[in-house]
Structure formats: C-alpha cells, structure tokens
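To keep things clear, I will list the structure first and then write my remarks on it.
Each value in this text was obtained by applying a stated rule to the coordinates, not by laboratory testing. The model shown is predicted, which means the values in this text are computed figures rather than measured ones. Here the Cβ positions follow ideal geometry from the backbone for every residue, glycine too, while neighbour counts run over all protein chains shown.
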Amino acid sequence: MPVDPLETLTIDKSRFSPPPRKVGNRTRLIVVLIVAAATAAVFAMFHNRAVTIETSSVSLFFPTQSFTLLNSSGYVVAQRKAAVASKTTGRLEWIGVEEGSSVVAGQIIARLENKDLEAAVRQGEAALRNAKAIREQSRAELADAEKSFQRHKELLAAGIVSQAEYDIAEARLKRAGAATAGAEAGIAIAAAGLQGARVNLGYSLIRAPFDAVVLTKNADVGDIITPLGAAANAKAAVVTIADLASLQVEADVSESNLAQIRQGQPCEIILDALPGSRFQGVVHTIVPTADRSKASVMVKIRFLERDRRIFPEMSAKVAFLQRPAQAGDKIARVVLNPAAVVTRNGRSGVYLVVGDKVRFTPVTPVAKLGDLLEVSGLKSGDKVALKPLERLKDGSRISFPEKK
C-alpha cells in the first residue's frame, strides 16, 4: 500500500523545548521564609485566642446572715409627722425655713400679714389701760363716799344733820361701791378682749408643734393660707415636718411567717441608700390587723441608734434575727466561691478579671463561712474567673459567653 508523503512529515519538538532550570539558593530561602511566617501566624492565632470563661463576684458576707430567721422589705416611716398650717386665713408674709431645716417646739417658722391684728392688740391694750383708770377713779370716789357717810352717821346721832342728808350720803356710798364693782368688771372685759386679740395675732405666727426637721415647703411668700384650702390657689399647709427621732421601718410579713416574729425580737436593717451600713433594731409592735389583699401583717421595727443619714420614705430590708448580734457579727467579711481559688507556683490565688484579660492575684484564705470562703487581698465587687481555670495563666485574653 503506497504511503502518503504528508504523513512522513514530522516536527522535532525537542528542538524548541527550553532546557530545565535549576532552583537557586535564593528561591529556597524565600520559600522557607514564607512557610515560617505562615507557621508563626497560625501559632500566634491559636496562642492568642481568647478563652471563654465563667466568672464569679467577690461579695461581702455579714455573719448575721447565718442566724437570720426571716427577711422582709418595707419603708422608713416617721411615726410623728405634721402638716403645719395656720388657724386663720391670710397672705403669707414671711417664711424662715426650707427643706432640711431643724426646728424646735414653739419656734416661729412663718408669719401671715397681721397689721390689723397688731392694731387690735394695741386697741385692747388701750382699752385695758382705760378700764384701770376708771377703776382708780371709782375707788377714789368710793373712799370719799365712805368718809362722807361716816361723818353723816356721826352727825345724825348728834342731831346735827337730818335723816334726809344721811340718806343722801348713804346712797352716794352705794353708787360709788357699784361703780367700783363695774370698773373691776370693765377691767376683766378689757383683759379678755386683749387676750382674744393676742390669740388672733398668735394665729398669724405659725409655730413648730414639736422638735422636727422640715421635709417639704408647701407654700411661699405671697400665697394665701387658709385652714381648709378651699379657695382657689390657696394653700392649707405651709410646711410638712417630721420628728426624725420617731423613725421606724414598716415591713410587711406574710401571715404564714408571723409565728417567727415576736415583740422585742432583734433585727438588722439594711437601707438601699446605704448598702454598706447595717443598723440594729428591734420589733416595736406587730399591728393587730391583716391586709387581706396581700395576706400580710405590718410589723414596725424601731432603730436602736439614730443616724442622721436616715430619712423618711427610704426603702429598707429587714432581717429578723434568732439572737442579738455581737460585736464580731457586725464586721463584714470578703468572701468568694472557693472553686475560684487555684494554686500556682506554691501560692494560692485567683484569676482577677481586668478588662479583657486575667491577672493572677494572690489571696490568703481566712475561714470557711458556709459554702463561701473568706479571703484577704480582694475587695467586694471584684470579678474572678471560675471556669476553665486549667486553660488560664497570668495575662490570658478572655471572653464571656454570649447572652441568649
């Protein structure tokens, strides 16, 4: 079979292929550096990866919590409180107190316009002086009439004067006596009128009924003060005062827990406004009526010591104690969950949360208080790592679980 000449034509590709290139030392160095950088980046990424941890808070523990029978909440209430007003109607001319001012019983704290009342007092004083002058005049007339009567009596016996002249002298004596008695009554009337005027003037001076502190100022200069407050824009009370020595906590106790409460029972009072302080108290009284809507009974707790930082209407929590608190029971202890304590290099400590890292902080265990551990070296409010402690070290970056 004849061969096609075109099939015999071939091209030698080896003539056009470039010769194989040799890898130089510079290329190898670049490859090694790239691999090392990638390895370092991967190692750093895993080494600096934040550890997700659980935390626990350092808190204060009071030993009284271990012998507390019952806890309740309530409010500080002044048992002696008054809205001070005037007995008469008038325009407020002056007020001498403000919120927080201390007043004593009988102190003038405000004054109404009282020019007319002062004039009435002066009129009464003048009327009394006039009545006294009339009495003196009547007494002089009476003395003269008595002497004249005695003379006429003697002269009648001697037959010198007539019976008619004697009768005239006697009548004059009786008139002088009646006039003197009328003058005495006039003095009593004038004195009573003066006293009424002074009382009315006193009503324009608003006084504190007892030693207290001003809670609110309800009126200002220029306001109309009226006892009933019925007039438009009139004010009934000028100030509201309270005796801070009468402050007590009124707490609601469930009927089911009432058997654990007794009069005179020691208590510990915690105010939300003063969380770092605990005040000693006793059950003053158990109000003998129940609130059917809340199924509770009101219990009043009296403070054993007065503190100027305590004000009416503060919210309070009351711990009813099994026994009175001793001196050592009133000292707060710094406690934490004992599971947060680890040992590193022979030292006990915790991983204290500082920003997004933890810092190993040495602590000294003091005593076991129930399920908690008292320590020194930390303060209340600090946050410490709780889990996983085996993956942490001083300076480890941390993160917190996402809230669901």
| query | What dipole magnitude, in Debye to the nearest 20, does region 115-203 give about its Cα centre under +1 on Lys/Arg Cβ and -1 on Asp/Glu Cβ? | reply | 220 debye
| Residue-wise, which Karplus ³J(HN,Hα) couplings in Hz belong to region 356-372, taking 6.51 cos²θ - 1.76 cosθ + 1.60, θ = phi - 60°, and x for glycine or proline? | 9, 9, 10, 10, 5, 10, x, 9, 10, x, 10, 7, 8, 10, x, 8, 10
| Among Leu142, Val121, Ala185, whose Cα sits farthest toward the positive end of the charge dipole of region 115-203 (+1 at Cβ of Lys/Arg, -1 at Cβ of Asp/Glu, about the Cα centre)? | Val121
| Cα Rg over Rh - the chain, Kirkwood | 1.52
| note | Residues meeting the amide H criterion for Ala110 (H placed from the backbone, H to H distance under 5 Å, 5 or more places apart or on another chain) are Gly96, Ile206
| Among the listed pairs Lys368/Lys393; Lys294/Lys387; Lys217/Lys294; Lys81/Lys294; Lys115/Lys217; Lys330/Lys357, which are separated by more than 32 Å between their Cα atoms? | Lys294/Lys387; Lys217/Lys294; Lys330/Lys357
| remark: Residue by residue through region 74-81, the couplings from Karplus 6.51 cos²θ - 1.76 cosθ + 1.60 with θ = phi - 60°, in Hz, x for Gly and Pro, are x, 9, 7, 10, 7, 7, 10, 9
| request: Sort out for me the Cα centre separation of region 267-309 from region 325-404, rounded to whole Å. | output: 34 Å
| message | Taking the Cα centre as origin and putting +1 on Lys and Arg beta-carbons and -1 on Asp and Glu beta-carbons, what dipole magnitude results for the chain, to the nearest 20 debye? | response | 2160 debye
| field | Long-range HN-HN contacts of Ser73 with modeled amide H, under 5 Å | value | Asp252, Val318
| said: Sort 286-297, 85-96 by the packing proxy (mean of other Cβ within 10 Å over each peptide's residues), most packed first. | reply: 85-96, 286-297
| query | Over what distance in Å are the Cα centres of region 198-228 and region 87-108 separated? | reply | 5 Å
| For the peptides 363-372, 203-212, 299-308, what is the packing order when you average, over each peptide's residues, the other Cβ atoms within 10 Å and list the highest mean first? | 203-212, 299-308, 363-372
| message | Sort 253-260, 346-353 by the packing proxy (mean of other Cβ within 10 Å over each peptide's residues), most packed first. | response | 346-353, 253-260
| query | Which value in deg cm²/dmol, rounded to the nearest 500, describes the helix-derived mean residue ellipticity at 222 nm for the chain, given -39,500 (n - 2.57) per DSSP H run of n ≥ 4 and division by the residue count? | reply | -10000 deg cm²/dmol
